[in-house]
Amino acid sequence: MAFTNKKIIAGNWKMNGLKRDSWQLINDLLSKYETPDEKHNFEMIVCPPSTLLSEVVSMTEGSPIRVGAQNCSDKLNGAYTGEISPVMIKDIGANFVILGHSERRSYFKESNADVASKAELAIEQGLTPIICIGETLEQKENGSALAVIEDQFMNSIPSNATTENVIVAYEPVWAIGTGRSATTQDIIDVITKIREVSEKKFGLRDVSVLYGGSVKSSNADEIFAISDVDGVLVGGASLKADEFWKIAEASEK
């Protein structure tokens, strides 16, 4: 695992949430912990939009909840209007950043090289990137899914990455926001491939691998029953405290 032996429960809020929403959601999550130092067999990470990062970091200070951003620039500073540098994210107090999400790759045309460049700088600045990889429905159906996974892994993960400073999230594009989750065998096949490619790149198989794609409390038990899954990257269900907490609890069964 990149930083813990516990399951990783990461929530990607995407472009959702106003100040009042973040206040309510974080307080509802914090109330689930009986005491601030209550021990759980999971690490919870929330990734709000950039407008809420500072607020969420302040609210979670001293708590078990950790904070990440949803994207960053591959530049430290300069004339890049609208961009947010990884050094700025670190300065706010966040420790993680999601990179290469399929929505970034699709809507904003980010390439493997773009993701690797961002991840390299993020690691240099002390952030842990959560690098997303996954195949489209067309790639799954034409039998090229595992080749796509290998290509994305090898070319999205930078040269300064190790199994200790990066997390990989397998998110089949066809399962994101569709309500359709990958089967147990789908997940096993892809994570087995990821570990094979990790050994090729790092000489080690133990890179942390999360599963993402319509994760919810109703399928969390099945996902966590797969021994090779180190955690989950949750989208819409992370916006509901009760649902997100149920998913986290499923990791402890």
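The values are calculated or read from the model by the stated rules, or taken from the named source; none is laboratory data. Quantities reported herein were computed from a predicted structural model and do not represent experimental measurements. Virtual Cβ from ideal backbone geometry, glycine too; neighbours counted across all protein chains shown. All accessible areas refer to the heavy atoms of the entire protein, side chains included, with ligands and DNA or RNA removed. Shrake-Rupley method; radii C 1.70, N 1.55, O 1.52, S 1.80 Å.
Tabulated results
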quantity	calculated
Inter-site label distance for residue 144 and residue 184 at 7 Å from Cα along Cβ, in nm	3.1 nm
Loop-resident sites, the stretch 75-175, for chymotrypsin sites (Phe, Trp or Tyr not before Pro), counting at most 14 other Cβ within 10 Å (DSSP)	80, 108
Computed FRET value (nearest 0.05) for residue 23 with residue 50, which takes r as the C-beta separation and R₀ as 22 Å	0.85
The chain, helix-only ellipticity at 222 nm - DSSP H runs n ≥ 4, -39,500 (n - 2.57), divided by all residues, nearest 500	-11500 deg cm²/dmol
Read-out semi-axes √(5λ) of the Cα gyration tensor in Å, derived from the coordinates shown; its label in [x] 35, 19, 17; [y] 31, 25, 19; [z] 25, 23, 17	[z]
Antiparallel bridges, percent of DSSP beta bridges restricted to the chain (to nearest 5)	0 percent
Accessible surface of the chain [probe 1.4 Å, protein heavy atoms]: carbon and sulfur percent	48 percent
Total formal charge among the other residues, if their Cβ is under 14 angstrom from that of residue 203, Lys/Arg +1 and Asp/Glu -1	0
Rough spin-label spacing in nm, given labels placed 7 Å along Cα→Cβ, for residue 16 and residue 159	4.0 nm
Distance in nm between pseudo-label sites at residue 5 and residue 95 (7 Å out along the Cβ direction from Cα)	1.8 nm
Extended-chain gain in nm, criterion 0.36 nm per residue less alpha-carbon gap, residue 113 and residue 226	37.6 nm
Solvent exposure of the chain as accessible area per residue, Å², 1.4 Å probe	45 Å²
Hz values of 3J(HN,Hα) by residue in the stretch 93-98 - Karplus curve (6.51, -1.76, 1.60), Gly and Pro given as x	x, 7, 10, 10, 8, 7
Cα centroid separation - the stretch 176-241 against the stretch 118-164, whole Å	14 Å
Amide hydrogen neighbours beyond the local backbone of residue 45, cut-off 5 Å, H modeled	9, 10, 11, 66
Under 17 Å from residue 140, Cα to Cα: aspartates and glutamates that are on another chain or at least 8 residues apart	150, 151, 171, 186, 189
Residue-wise HN-Hα coupling along the stretch 64-76, computed from phi with Karplus coefficients 6.51, -1.76, 1.60 (Hz; x: Gly, Pro)	x, 7, 10, 10, x, 8, 9, 5, 8, 7, 9, 10, 6
Residue pairs, from the table 32/118; 32/193; 118/200; 39/109; 19/253; 200/240, whose Cα atoms sit over 32 Å apart	32/118; 32/193; 39/109; 19/253; 200/240
Under 12 Å, Cβ to Cβ, from residue 165 - net charge with Lys/Arg +1 and Asp/Glu -1	-3
